[in-house]
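Visitor: One structure is given below, represented as structure tokens, and several questions about it will come after.
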Amino acid sequence: MLSHHVLFWLKADTTEDQKAAFRKGLESLEKIETVIQFHVGTPAPIERAVVDITYSFSLVLFFEDLAGHNVYQVHELHQAFLDEFRGLFEKVVIYDAQ
């Protein structure tokens with residue numbers, strides 16, 4: 001199994017409508033056939049020194065293997081998401097683990 005965790009920091013001037021559209025765009029990625037588990041979220045209100053709550057959205061995907069991840073990376077839904085929304089985020093950090 002391979003996990004793909006993406007943290008997005010949206011630009012400060014992102015509107016609520018843009019945030020809603022961004023979330024909907026993230027949710028569209030669940031339709032990619034190699035995704036076996038999926039979660040979209042925002043920071044939980046946990047105040048501890050070791051918890052980073054500065055990001056705007058979290059996307060966690062699980063794939064059976066690296067091949068499934070590779071399908072996701074070039075999939076038309078993923079590419080369409082990037083094309084439409086990459087202008088909204090100022091920072092993205094990705095953690096892949098197997």
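Visitor: If you check every pair at least six apart or on different chains, which have Cβ atoms under 7 Å apart with a residue in segment 1-28 that is over 23 Å from His69 (Cβ atoms) first and a residue that is polar (S, T, N, Q) and modelled with pLDDT of 95 or more second?
Guide: Listed pairs, sorted by first residue: Leu10/Ser56.
Visitor: Another question, if that's okay. Let me spell it out: the conditions are (1) buried (at least 16 other Cβ atoms within 10 Å of the Cβ); (2) over 22 Å from Thr14 (Cβ atoms); (3) small (Gly, Ala, Ser), and Ser58 meets all of them except one. Which number is the exception?
Guide: (2)
Visitor: Answer yes or no: is there a residue in segment 39-47 that is at pLDDT 95 or above, within 13 Å of the chain's Cα centre (by Cα), assigned to a helix (DSSP H, G or I) and of a type outside the set (Gly, Ala, Ser).
Guide: The answer is no, given that none of the residues of segment 39-47 is at pLDDT 95 or above, within 13 Å of the chain's Cα centre (by Cα), assigned to a helix (DSSP H, G or I) and of a type outside the set (Gly, Ala, Ser).
Visitor: Please enumerate the residues belonging to segment 25-38 that are exposed (fewer than 12 other Cβ atoms within 10 Å of the Cβ) and assigned to a helix (DSSP H, G or I).
Guide: Within segment 25-38, the first condition is being exposed (fewer than 12 other Cβ atoms within 10 Å of the Cβ), and the residues that meet it are 31, 33, 37.
Hit for segment 25-38 is Lys31, nothing else.
Visitor: If Ile53 meets every condition in (1) among the β-branched types (Val, Ile, Thr); (2) surrounded by 12 or more Cβ atoms within 10 Å (Cβ to Cβ); (3) within 18 Å of Val93 (Cβ to Cβ) apart from one, which number is that one?
Guide: Tallying (1) among the β-branched types (Val, Ile, Thr); (2) surrounded by 12 or more Cβ atoms within 10 Å (Cβ to Cβ); (3) within 18 Å of Val93 (Cβ to Cβ), Ile53 fails exactly one: (2).
Visitor: Now for a different question. Yes or no: segment 76-94 includes at least one residue that is under 11 Å from Leu2 (Cβ atoms) and free of Cβ contacts under 8 Å to residues at least 40 places away in the same chain.
Guide: Taking segment 76-94 as the starting set, the residues that turn out to be under 11 Å from Leu2 (Cβ atoms) are none.
No, every residue in segment 76-94 fails to be under 11 Å from Leu2 (Cβ atoms) and free of Cβ contacts under 8 Å to residues at least 40 places away in the same chain.
Visitor: Based on what the data block shows, is Ala21 out of contact with any Leu (no Cβ under 8 Å at 6 or more places or on another chain) and either part of a helix (DSSP H, G or I) or among the polar types (S, T, N, Q) (or both)? Quick ask: steps written out before the conclusion?
Guide: Numbers: out of contact with any Leu (no Cβ under 8 Å at 6 or more places or on another chain): yes; either part of a helix (DSSP H, G or I) or among the polar types (S, T, N, Q) (or both): yes.
When the stated conditions are applied, Ala21 passes them.
Visitor: Let me ask another. Output the residue which, of all residues in segment 75-98 that are closer than 12 Å to Leu29 by Cα and not in a loop (DSSP other than H, G, I, E, B), is farthest from the chain's Cα centre (by Cα).
Guide: Restricting to residues being closer than 12 Å to Leu29 by Cα and not in a loop (DSSP other than H, G, I, E, B), the top hit is Glu76.
Visitor: Within segment 63-74, can you find the residues that are part of a helix (DSSP H, G or I), in contact (Cβ under 8 Å) with a residue 12 or more places away in the chain and surrounded by 12 or more Cβ atoms within 10 Å (Cβ to Cβ)?
Guide: Scanning segment 63-74 gives Gly68, His69, Val71, Tyr72.
Visitor: Which one is surrounded by the fewest Cβ atoms within 10 Å (Cβ to Cβ) among residues in segment 6-24 that are of a type in the set (Phe, Trp, Tyr) and touching a Ser or Thr at 6+ places or on another chain (Cβ under 6 Å)? So that I can check it myself, show each step before the final result.
Guide: The first filter runs over segment 6-24 and keeps only residues of a type in the set (Phe, Trp, Tyr), leaving 8-9, 22.
Now drop any that are not touching a Ser or Thr at 6+ places or on another chain (Cβ under 6 Å), which leaves 8-9.
Numbers: Phe8: 20, Trp9: 16.
Filtering segment 6-24 for residues that are of a type in the set (Phe, Trp, Tyr) and touching a Ser or Thr at 6+ places or on another chain (Cβ under 6 Å), the one surrounded by the fewest Cβ atoms within 10 Å (Cβ to Cβ) comes out as Trp9.
The values are calculated or read from the model by the stated rules, or taken from the named source; none is laboratory data. Since we're looking at a predicted model, the values are computed, not measured. Neighbour counts are summed over all protein chains in view; Cβ atoms, including those assigned to glycine, are modelled from backbone coordinates with ideal geometry.
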